[in-house]
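Data first, discussion second: the structure below is written as structure tokens.
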Amino acid sequence: ALAAKQQHSIISTVFGSDIGCTFWRPNAARGEKGLLEALHTRKHANDTYLLVSTRPPQELSCNFSTPDHRLFNINSDAYKVSRTTRAVKAVQDIDDDLNMTGRDMKNGLRDALPLLTTDEYHIMRYRDYSDWAVGHFWKTAKKDSVMGSKYVEKFFAMRVGTEPGALIEITEAQLIRGHEILVQQAINSPLSDNNDPHNLKSFALTTDQFNTLRSLADPPPNTNANGQPGANPNYPYDYPSPWDWTPAAVQRRISYYLEQKYKALGRFIVKALLVGCVGYLVVGYLKSGSGAKKAVEDRPPVRSSRYNRYMARANATSASVASEAPGFISSVLTFSPKAMFDYALAPSK
């Protein structure tokens, strides 16, 4: 036994210890789903949060931690139900407690009333060791050690207050900024533990502080209305794992391939129509310009035709008269008054 213990110690020192056994893992045979898979399914219905009360108690007890990697057990009514429900339950407990005086009851209600109308947000880390999460987010999956199990880490804010507790996914940048705010809040608070001022389980962000975090980075999900991936061009397509050939992964690949082909075909059609319309207008314009120019060139000038007709008639008349009465008198007789008048008004060539 001692040798086995030493061997295990040596292996842990060289390869590192696997702490994945301390986290809850969903059993697909029993129909269990991890938080990330359940949230992914809910996103298809445009729901980006999950109620704490809908998650298994083992997951709530083992898979959440504070921003500084301390276990955060949220398997409690303090995080599952609304504060109004808790206040009603507390009043019932007060009725059962005969030792509580009226003044104590009054002071307790006075202290609890302001909390009933406010919301608080606890920020946490979450680990998912399920096969679905590791296969779906295979690019970001990681290990604690060489021999450790793969897991996916995501970040959440848990809303507690006027409504039942809910888990809202946030980004790592929001988690880091929220952690800084909580550390500063814990250091300045007189209620913080002097031995461990960074124990943040009892501190939470206000609604204004959380809204400030959401303004840092709140990317929309990379899905369309039908839940198909790759629909948002501002976010890259998350390729399935090369070893993941489940029906869902195959459908994602086919949908993405068809979507890219449809986009390429649509762009080609639009470009072809645009080039065709522009080319048609240019060719029509060039044809109309060349046709008008040719018509102008082929049309005989009006003034030149009058002169040519006059000269042809005059030459014919002169030839016939000259043969009968040549000389000056014959020339005068050739041009009648009307002919002389037309000759005078005829434009020059």
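Descriptive notes on the structure:
- Output for the range 166-178, where each listed residue is in a helix (DSSP H, G or I) and surrounded by fewer than 17 Cβ atoms within 10 Å (Cβ to Cβ): Glu172, Ala173, Ile176
- Odd one out for Val146, checked against (1) of a type in the set (A, V, I, L, M); (2) open to solvent by 30 Å² or more (accessible area, probe 1.4 Å); (3) in contact (Cβ under 8 Å) with a residue 40 or more places away in the chain; (4) farther than 22 Å from Phe23 by Cα: (4)
Yes/no matrix, rows are residues, columns are (1) at pLDDT 90 or above; (2) open to solvent by 40 Å² or more (accessible area, probe 1.4 Å); (3) among the small types (Gly, Ala, Ser):
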residue: Thr85; (1), (2), (3): no, yes, no
residue: Ala90; (1), (2), (3): no, yes, yes
residue: Ile94; (1), (2), (3): no, no, no
residue: Leu98; (1), (2), (3): no, yes, no
residue: Asn107; (1), (2), (3): no, yes, no
residue: Pro114; (1), (2), (3): no, yes, no
residue: Ile123; (1), (2), (3): yes, no, no
residue: Arg127; (1), (2), (3): yes, no, no
residue: Ala133; (1), (2), (3): yes, no, yes
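- Residues of the range 53-74 that turn out to be under 25 Å from Ile181 (Cα atoms) and in a loop (DSSP other than H, G, I, E, B), as a count: 9
- Failed item, numbered, when Gln58 is tested on (1) at pLDDT 90 or above; (2) open to solvent by less than 40 Å² (accessible area, probe 1.4 Å): (2)
The values are calculated or read from the model by the stated rules, or taken from the named source; none is laboratory data. What you are looking at is a predicted structure, and each value in this text was computed from that prediction instead of being measured. Heads up, the Cβs are rebuilt from the backbone with ideal geometry, glycines too, and the neighbour counts pull from every protein chain shown. In case anyone asks, the SASA skips ligands and DNA or RNA and just uses the protein heavy atoms, side chains included. Shrake-Rupley method; radii C 1.70, N 1.55, O 1.52, S 1.80 Å.
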